[in-house]
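Okay, so here's the structure we're looking at.
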Amino acid sequence: MAESLHKVTYIIEGATQTFDAVDGENFLDLAMQHGIDLQHNCGGVCACSTCHVIVRQGEEFLSEMEDDEADQLDEAEGLTISSRLGCQAKIYGDVTVEIPLINEEIRYLFHEGARKEE
Ligand code: FES
């Protein structure tokens, strides 16, 4: 039997890119396969919130949110009611997600802030 594929569209800085996802794949794995810059500071184990995506279409085709994901998502920058963690939400249909931009100053503080203290 043929494996079912779903269309996943990423919105990045207003531009879109669409890829095929296999049933049950997550947004982070798919993004990494195609060179999409989706942050993943914890390596995809639900221990940060840098893989935050905002679902624009097809929310009903995603796996239910587990408690761990909900807890971690609370830390995400720019949280919305349509937010999910890219490494946790599994894809079961055609979906469109937006990758929120990290403000350059926040990115600087996040990565360089500790060094500034020295
Ligand atoms: S990569 Fe850290 S929670 Fe998804």
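The values are calculated or read from the model by the stated rules, or taken from the named source; none is laboratory data. Just so it is clear, the structure is predicted and the values come from calculations on it, not from any experiment. Glycine also receives a Cβ, built like all others from the backbone with ideal geometry; neighbour counts cover every protein chain displayed.
A residue that is assigned to a helix (DSSP H, G or I), crowded, with 16+ Cβ neighbours inside 10 Å, polar (S, T, N, Q) and out of contact with any Lys or Arg (no Cβ under 9 Å at 6 or more places or on another chain) occurs nowhere in the range 44-63. Within the set ALA70, ALA47, the sole residue that is in contact (Cβ under 8 Å) with a residue 24 or more places away in the chain and either more than 17 Å from ILE102 (Cα to Cα) or near the ligand (Cβ under 6 Å from one of its atoms) (or both) turns out to be ALA47.
Identify all residues within the range 76-102 that are closer than 15 Å to GLY44 by Cα and either outside any strand (DSSP E or B) or of a type in the set (A, V, I, L, M) (or both); write none if there are none. ALA76, LEU85, GLY86, CYS87, GLN88, ALA89, listed by residue number. Just one of the listed residues (GLY35, GLY24) is closer than 10 Å to ILE91 by Cβ and exposed (fewer than 13 other Cβ atoms within 10 Å of the Cβ), namely GLY24. The set of residues in the range 1-30 being out of contact with any strand residue (DSSP E or B) (no Cβ under 7 Å at 6 or more places or on another chain) and small (Gly, Ala, Ser) consists of ALA2, SER4, GLY14, ALA15.
Of the residues contained in the range 33-42, none is found to be under 14 Å from the mean Cα position of the chain (by Cα), among the charged types (D, E, K, R) and part of a helix (DSSP H, G or I).
Counting residues in the range 82-98 that are surrounded by 18 or more Cβ atoms within 10 Å (Cβ to Cβ), polar (S, T, N, Q), modelled with pLDDT of 95 or more and within 13 Å of the ligand (Cβ to nearest atom) gives one or more.
Screening LEU109 against (1) out of contact with any strand residue (DSSP E or B) (no Cβ under 6 Å at 6 or more places or on another chain); (2) surrounded by fewer than 14 Cβ atoms within 10 Å (Cβ to Cβ); (3) modelled with pLDDT of 95 or more leaves a single unmet condition, (3).
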